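**Student:** Next up is a structure, given as structure tokens.
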Amino acid sequence: MSIKTEVFDVAIVGAGFAGMYMLHRLRQMGLTAIVFEAGDDVGGTWYWNRYPGARCDAESLAYSFSFSPELEQEWEWSERYAPQPEILAYARHVSERFDLRRDIHFETRVTSAHYQDDSLNWHLETDKGHSVVANFCVMATGCLSVPQLPDIPGVQDFKGNFYQASMWPHDPVSFKGQRVGIIGTGSSGIQAIPVIAEEADHLTVFQRTPNFSVPAKNEPLDQNWVDEFKKHYRAHRENHKVGNGSGFGDLNIEPREGPIEPVLRSQLTDEEATQILEDAWESGGARFMGAIGDQLMNEEANRFAMEFVHRKIHETVKDQETANLLCPTNHPIGTRRICVDTDYYETYNRKNVSLVSVKDNPIEKITEHGVMVNGEVTELDTLVLATGFDAMTGALLNIDIRGKEGLLLSDKWHAGPRSYLGIAVSDFPNLFTITGPGSPSVLSNMLVSIEQHVEWMIDCLTHMKKKDLKVIEAQPQAEDRWVSHVNDVANMTLFPKGGSWYLGANVKGKPRIFMPYAAGVGAYREVCDEVTAKDYEGFTFH
Ligand code: FAD
Ligand code: N01
């Protein structure tokens, strides 16, 4: 049977926030677009990651779309950090409010995307047999959308209940009366552990590397505060876009004027620095990492913050041996994504929680009945994996993407991702990546970065339409310059010392390259705007 090929202006892969917003803007431009999504609903991250305790760590009023003043006024967030079901409900609301679903094919995975040298367009195929031709292909496949299973022998042998944080079932999961084990103490594990501990008979946490976590200080939102904040929403949104920060904004009702001037460690006495950290700890959230302006640049400033958190762990956790195990010492604070928790360290004071360090004695295997460490099996009814993602490049390289003359993206990126601005790849004309490697992406409030990328791409497509240009391609020299700039910026920070998924260090055989751009969302936006102002410097059109 021959497959009918459908033709569109743009094909979009992924219906998380990035794919949804791209579709909306393309429609406004009058272009035809089709979206393919592997899941059976919109929401991406918030569709897949339904584990107990999942919520955002950027404040709800900042972690939301800004493109529609009506949407931001009408949507009501219930908590300072919205829980996953509420963010998913928001994504669904957006899809309905802007009538997006009719162009999205759910439960459909794009398997290949090939550039056609003769017709100068993209040919995509899916696992459901679609064949689509589009002038442009937009990858909105997500930075954290490919679950990473640990290479522990026997994972498939476990006979009890088995869950992965990033592929959580749709139906409610009960831990009542059960012996539960969890592997993974990154952001997902740290959010899930306190909630599972509340319900399980016993919870055993298998920890290889402790992570730094700061209290979220989550709470229900006060309606008066929200009403006041919303009066200034536009100004707050503008603030999220500027400076060398990550686009998280602040909680002041009155919008600040311009970017925050960082206070450096060298300008502070020990007492002043401690007080600043104490205040940040008390007010809660990931903003702790920017409390002292050079915490992520200066080893001494970082050590000061590390020791502060170590003290907090020791003050919170009663058993000092457990506290010692929970204190990270192998990476500067913040060089692995800082975790934001509710009662994480407190959970280790519970009688029904035990911590097993598998740093020196790695998990040998998973058996039918539990987890074996040092020859001993901890018997479990339920095993939860919160072992992370093949981040940033995983979803792109899972697709057979071929550019000019059949060049495979996986070959081009064999030594690590190479991209111009994290937006486009030389030799892959008319292909855009939203929050691709080389852009601030995972170091930022992703909604800010997604909107900025989509808006830049829409401006570019509008420019091309106006000038009747058919093809845009990143120049190899511009790409080389950008890749080395991204590396230079990373090397000015402590990030490369983190050994984290930012570097691909959690995936065997993955090249070790610091993938996101660390200069902040404001600085990055300026670069992109300058590229546009200089008639798309670094790109070739025809
Ligand atoms: P995603 O939401 O990942 O969506 C990508 C979609 O593409 C997925 O639905 C996937 O199924 C689909 N897809 C991928 N490949 C294919 C294919 N070949 N064919 C078809 N479909 C495909 N960021 C923040 O800024 N603040 C936070 O508080 C925050 N919290 C997070 C919490 C968790 C648990 C996780 C995992 C991430 C969090 N992030 C957070 C990052 C989060 O990924 C982004 O904020 C944002 O949701 C990404 O949206 P996206 O549309 O780019 O990608
Ligand atoms: O994944 P991770 P995550 N034996 O890679 C461990 C975002 N996010 O899903 O560090 C034992 O951080 C691994 O140990 P180690 C956020 O950007 C945000 O938790 O490799 N352990 C580590 O502890 C975040 O950074 C939120 O030694 C093994 C864990 O698994 C990103 O997603 C919430 C192991 C993986 O941690 C990823 O977070 C959730 C093994 N063989 C996620 N293999 C918010 O709060 C792996 N591990 C906003």
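The values are calculated or read from the model by the stated rules, or taken from the named source; none is laboratory data. What you are looking at is a predicted structure, and each value in this text was computed from that prediction instead of being measured. Every residue, glycine among them, receives a Cβ derived from its backbone with ideal geometry; neighbour counts consider all protein chains shown. Accessible surface areas use protein heavy atoms only, side chains included; no ligands, DNA or RNA. Shrake-Rupley method; radii C 1.70, N 1.55, O 1.52, S 1.80 Å.
**Student:** How much length, in nm to one decimal, is gained on full extension between Thr462 and Asn361, taken as 0.36 nm per residue of separation minus their Cα-Cα distance? Write down the numbers at each step before the final one.
**Tutor:** Working: separation 101, 0.36 × 101 = 36.36 nm, distance 5.71 nm.
Result: 30.6 nm gained on full extension.
**Student:** Given H placed 1.01 Å from N in the peptide plane, which residues other than close sequence neighbours of Phe539 have an amide H under 5 Å from its amide H?
**Tutor:** Result for Phe539 returns Gln475.
**Student:** Could you please state how large a percent of the accessible area of the chain is carbon and sulfur, counting protein chains only and using a 1.4 Å probe?
**Tutor:** Taking all protein chains in place, the chain shows 49 percent carbon and sulfur surface.
**Student:** Now for a separate question. Averaging sequence separations of C-alpha pairs under 8 Å and six or more residues apart, then dividing by the length of segment 253-372, give the relative contact order as a whole percent. It would help to have the intermediate numbers written out before the result.
**Tutor:** On the way: 85 pairs, mean separation 22.4, N = 120.
It comes to 19 percent, rounded to a whole number.
**Student:** With both bridge residues required to lie in the chain, what share of the DSSP beta bridges run antiparallel, to the nearest 5%? Walk me through the numbers on the way to the answer.
**Tutor:** Details: 27 of 69 bridges.
Once the DSSP bridges in the chain are tallied, antiparallel ones form about 40 percent.
**Student:** List residues of segment 174-203, by number, whose backbone nitrogen lies under 17 Å from a label position 7 Å along Cα→C-beta of Lys318.
**Tutor:** Counting backbone N atoms under 17 Å from the label point, the list is 198, 203.
**Student:** Between helix 187-199 and the chain, what is the angle of the helix's C-alpha long axis to the longest principal axis, kept within 0 to 90° and rounded to the nearest 10?
**Tutor:** 50 degrees
**Student:** Let me ask you something else. May I ask for the angle, rounded to the nearest 10°, between helix 270-283 and the longest principal axis of the chain, with both axes built from Cα atoms and the value confined to 0 to 90°?
**Tutor:** Approximately 70 degrees, to the nearest ten.
**Student:** Let me ask something else about it. Can you compute the FRET efficiency between His542 and Thr32 using 1/(1 + (r/R0)^6), with r the Cβ-Cβ distance and R0 = 25 Å? Round to the nearest 0.05. Walk me through the intermediate numbers first.
**Tutor:** Values: r = 22 Å, r/R0 = 0.89.
Plugging the Cβ-Cβ distance into 1/(1 + (r/R0)^6) gives 0.65.
**Student:** Separate question: At 1.4 Å probe radius, can you tell me the per residue accessible area of the chain in Å²? Please report the intermediate quantities before stating the final value.
**Tutor:** Numbers: 22780 Å² over 542 residues.
Per residue, the chain has an accessible area of 42 Å².
**Student:** Another question, if that's okay. With a 1.4 Å probe and all protein chains kept in place, how much accessible area does Thr274 have, in Å² rounded to the nearest 10?
**Tutor:** Here the accessible area works out near 40 Å².
**Student:** Using only protein heavy atoms and a 1.4 Å probe, report how much of Leu277 is accessible, in Å² to the nearest 10.
**Tutor:** That residue has around 0 Å² of solvent-accessible surface.
**Student:** Holding the Cα-Cα limit at 26 Å, pick out from Lys128/Lys470; Lys217/Lys351; Lys176/Lys351; Lys412/Lys470; Lys365/Lys412 the pairs that are longer than that.
**Tutor:** Values: Lys128/Lys470 29 Å; Lys217/Lys351 24 Å; Lys176/Lys351 16 Å; Lys412/Lys470 24 Å; Lys365/Lys412 36 Å.
With Cα atoms farther than 26 Å apart: Lys128/Lys470; Lys365/Lys412.
**Student:** Averaging sequence separations of C-alpha pairs under 8 Å and six or more residues apart, then dividing by the length of the chain, give the relative contact order as a whole percent. Intermediate results must be reported in sequence, preceding the final value.
**Tutor:** On the way: 1097 pairs, mean separation 105.9, N = 542.
Contact order relative to length: 20 percent.
**Student:** Once the piece of chain linking Glu307 and Val7 is laid out straight, how much longer is it, given 0.36 nm per residue of separation minus the C-alpha distance between them?
**Tutor:** Working: separation 300, 0.36 × 300 = 108.00 nm, distance 5.83 nm.
Stretched fully, the Glu307-Val7 segment lengthens by 102.2 nm.
**Student:** Something else now. Given +1 on the Cβ of Lys and Arg, -1 on the Cβ of Asp and Glu, and no further charges, what dipole in debye does segment 475-542 carry about its Cα centre, rounded to the nearest 20?
**Tutor:** Values: 7 positive and 8 negative charges, 117 e Å.
The dipole magnitude comes to about 560 debye.
**Student:** May I ask you to derive the relative contact order of segment 227-270, considering only C-alpha pairs under 8 Å and at least 6 residues apart, and to give it as an integer percent? Walk me through the intermediate numbers first.
**Tutor:** Working: 28 pairs, mean separation 16.2, N = 44.
It rounds to 37 percent for segment 227-270.
**Student:** Per DSSP H run of n ≥ 4, the term is -39500 (n - 2.57); total these for the chain, divide by its residue number, and report the mean residue ellipticity at 222 nm rounded to 500 deg cm²/dmol.
**Tutor:** Numbers: 16 runs with 168 residues, N = 542.
Here the helix-only value at 222 nm equals -9000 deg cm²/dmol.
**Student:** I'd like the orientation of helix 299-316 relative to the chain: the angle between its Cα long axis and the longest Cα principal axis, in ° from 0 to 90, rounded to 10.
**Tutor:** 50 degrees
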